[in-house]
Structures are given as C-alpha cells and as structure tokens.
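The values are calculated or read from the model by the stated rules, or taken from the named source; none is laboratory data. Computed from a prediction, not measured in an experiment: that's the story for all the values here. Note that each Cβ is placed from the backbone with ideal geometry, even for glycine, and that neighbours are counted across all protein chains shown.
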C-alpha cells in the first residue's frame with residue numbers, strides 16, 4: 001500500500017490529483033484462500049498506479065456486497081444499498097481536493113453498488129470511473145485465476161494443502177441457481193473453478209496484464225477530464241458543445 005499523503009500535500013496538488021479507492025470484500029474463497037482475497041487483489045492493482053504523480057491511493061473499502069456467499073462462516077457483507085451510499089459519500093468528500101475518483105473493484109458482486117454510485121455521482125457533477133479486472137478464460141471464484149493472483153501477491157496466505165477443485169461449469173450455467181440460492185447451493189466448498197494448476201508465475205502475468213489495462217483506463221479518464229476542463233464555459237463566451245465524460 002502506498003504511503004498516505006498529508007493534507008498539505010493534497011492541498012499542494014491544487015485539485016489536480018486523482019483519488020484511487022480499492023473496493024474489495026470479506027467473503028469465503030474456498031478452503032485455501034483468505035476471506036479478504038478480493039481486497040488484496042484490488043489493493044495490489046490500485047498500488048500499480050502509484051507511480052503516477054497525479055494519483056493518491058486511498059485505504060481499501062474492505063467490505064462489499066457478498067450476499068451470495070452468506071451461507072459460509074466468516075463472510076461479512078454490507079449489501080448493495082450501504083455500499084452504494086458509502087461510495088457516494090466518499091466521492092462527495094473528495095470534491096475540490098481531487099479532480100476525479102477511480103474505484104478499483106476486486107469483487108464482481110460489487111458491480112450493482114458501483115453502478116448506482118457512479119450514476120448518482122455523475123448526476124451531482126462528480127467525475128467517477130469504476131474499473132474491475134476481467135480475465136479472458138478465467139474461472140469465476142476462488143479457482144485458478146484468483147489462486148494464481150494470490151500466489152503472486154502473497155504466497156504465504158495460500159493454504160496449498162487445502163487446494164481442491166470446485167464446480168467446473170461455466171458461470172452462465174450456474175447463474176440462475178447462484179442468484180436464487182447462493183454459492184453454497186452450487187458448490188459446497190465455495191469454489192467455482194479449479195485452482196489446482198495455479199502458479200505464481202501465472203499470477204504475475206495476470207497482474208501485469210490487468211495493471212496495464214487499469215493504467216490505460218485511468219489515462220483515458222484523465223485525458224477526458226483534461227479535455228472537459230479545457231472546454232469549460234468562460235463568462236462572456238458561448239458554451240462549448242456538451243460531451244459526456246464516461
């Protein structure tokens with residue numbers, strides 16, 4: 001986690017910095033991965049942006065909307081409504097001090113709350129980008145993909161003697177039952193995929209690819225904010241053509 005700035009250092013940036021907030025969860029990830037896996041992934045990816053001079057990485061939001069994992073001991077969920085409200089309040093607090101907010105989500109179940117919060121923020125005039133990792137060919141939960149990522153981030157947290165296959169079916173075939181009855185109904189050990197072949201080397205490659213994708217999204221967001229700022233209305237001049245910032 002990058003070192004947090006002081007308030008005077010934020011003030012010295014004169015509102016030109018982007019605030020990056022990792023958003024994770026505290027939920028079961030099979031018998032071999034820690035409950036905070038999604039948060040660790042979000043933090044690692046957000047930290048990959050710290051080389052940018054215009055980025056401040058905030059502490060992670062470590063609880064997410066994880067109702068689908070509620071049948072597993074240890075899972076702690078705040079739900080979509082609470083998470084969306086929290087995200088909105090963070091964006092409101094960042095006004096003036098930062099030129100935009102980037103949410104980096106490590107948990108797919110946070111999508112609804114992030115979508116709600118982003119819509120609310122844009123209505124209120126606050127620039128927000130939310131990004132989540134997508135791995136082509138990756139499995140859904142606590143399988144090879146997330147296990148490889150954790151082996152790269154902190155291998156000591158992977159319980160290697162407890163790695164075992166889960167439900168291998170494509171997520172699209174399980175989604176209806178999962179939404180209706182939760183993960184436990186389709187996978188007793190909580191794994192959607194097969195983590196047995198995961199390696200740290202694979203995880204390093206994934207982190208690099210995902211980090212590049214995140215960096216590109218943030219660069220585009222930054223350029224669009226600069227363009228919007230450059231075309232802001234100046235008193236006495238005709239207004240520019242309106243352009244939405246994603």
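Taking the condition touching a strand residue (DSSP E or B) at 6+ places or on another chain (Cβ under 9 Å), crowded, with 21+ Cβ neighbours inside 10 Å and in contact (Cβ under 8 Å) with a residue 24 or more places away in the chain, does residue 83 pass?
So residue 83 fits the description; yes.
Can you list residue pairs whose Cβ atoms sit under 9 Å apart, with the first residue in the range 57-80 being in contact (Cβ under 8 Å) with a residue 12 or more places away in the chain and on the phi > 0 side of the Ramachandran plot and the second being assigned to a loop (DSSP other than H, G, I, E, B) and surrounded by 19 or more Cβ atoms within 10 Å (Cβ to Cβ)? Count only pairs 6 or more apart in sequence or on different chains.
The qualifying pairs are 74/27; 74/28; 74/35; 79/65; 79/66.
Name the single residue that is farthest from residue 205 (Cα to Cα) among those in the range 103-151 being out of contact with any strand residue (DSSP E or B) (no Cβ under 9 Å at 6 or more places or on another chain), touching a residue at least 60 places away in the same chain (Cβ under 8 Å) and in a helix (DSSP H, G or I).
Among them, the one singled out is 145.
Do we have residue 186 as closer than 25 Å to residue 71 by Cβ, without any contact (Cβ under 8 Å) to a residue 24 or more places away in the chain, surrounded by 13 or more Cβ atoms within 10 Å (Cβ to Cβ) and in contact with a strand residue (DSSP E or B) (Cβ under 8 Å, 6 or more places away or on another chain) here?
Against the criterion (closer than 25 Å to residue 71 by Cβ, without any contact (Cβ under 8 Å) to a residue 24 or more places away in the chain, surrounded by 13 or more Cβ atoms within 10 Å (Cβ to Cβ) and in contact with a strand residue (DSSP E or B) (Cβ under 8 Å, 6 or more places away or on another chain)), residue 186 qualifies.
Looking at 73, 133, which is the one that is in contact with a helix residue (DSSP H, G or I) (Cβ under 7 Å, 6 or more places away or on another chain), modelled with pLDDT of 95 or more and within 26 Å of residue 177 (Cβ to Cβ)?
133
Only one of (1) touching a strand residue (DSSP E or B) at 6+ places or on another chain (Cβ under 7 Å); (2) closer than 21 Å to residue 178 by Cβ fails for residue 91. Which number is that?
(2)
Residue by residue, here is whether (1) modelled with pLDDT of 95 or more; (2) in a loop (DSSP other than H, G, I, E, B) holds:
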{"position": "2", "(1), (2)": "no, yes"}
{"position": "8", "(1), (2)": "yes, no"}
{"position": "19", "(1), (2)": "yes, no"}
{"position": "22", "(1), (2)": "yes, no"}
{"position": "43", "(1), (2)": "yes, no"}
{"position": "49", "(1), (2)": "yes, yes"}
{"position": "81", "(1), (2)": "yes, no"}
{"position": "91", "(1), (2)": "yes, no"}
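Please verify whether the range 205-218 includes one or more residues that are modelled with pLDDT of 95 or more, under 17 Å from the mean Cα position of the chain (by Cα) and farther than 19 Å from residue 136 by Cα.
Within the range 205-218 (the criterion being modelled with pLDDT of 95 or more, under 17 Å from the mean Cα position of the chain (by Cα) and farther than 19 Å from residue 136 by Cα), the answer is yes, since at least one residue qualifies.
Within the range 152-179, can you find the residues that are assigned to a loop (DSSP other than H, G, I, E, B) and either in contact with a strand residue (DSSP E or B) (Cβ under 6 Å, 6 or more places away or on another chain) or modelled with pLDDT under 95 (or both)?
166, 167, 168, 169, 170
Does residue 35 fit the bill of being surrounded by 17 or more Cβ atoms within 10 Å (Cβ to Cβ), in contact (Cβ under 8 Å) with a residue 24 or more places away in the chain and assigned to a loop (DSSP other than H, G, I, E, B)?
Judged against the criteria, residue 35 is a match.
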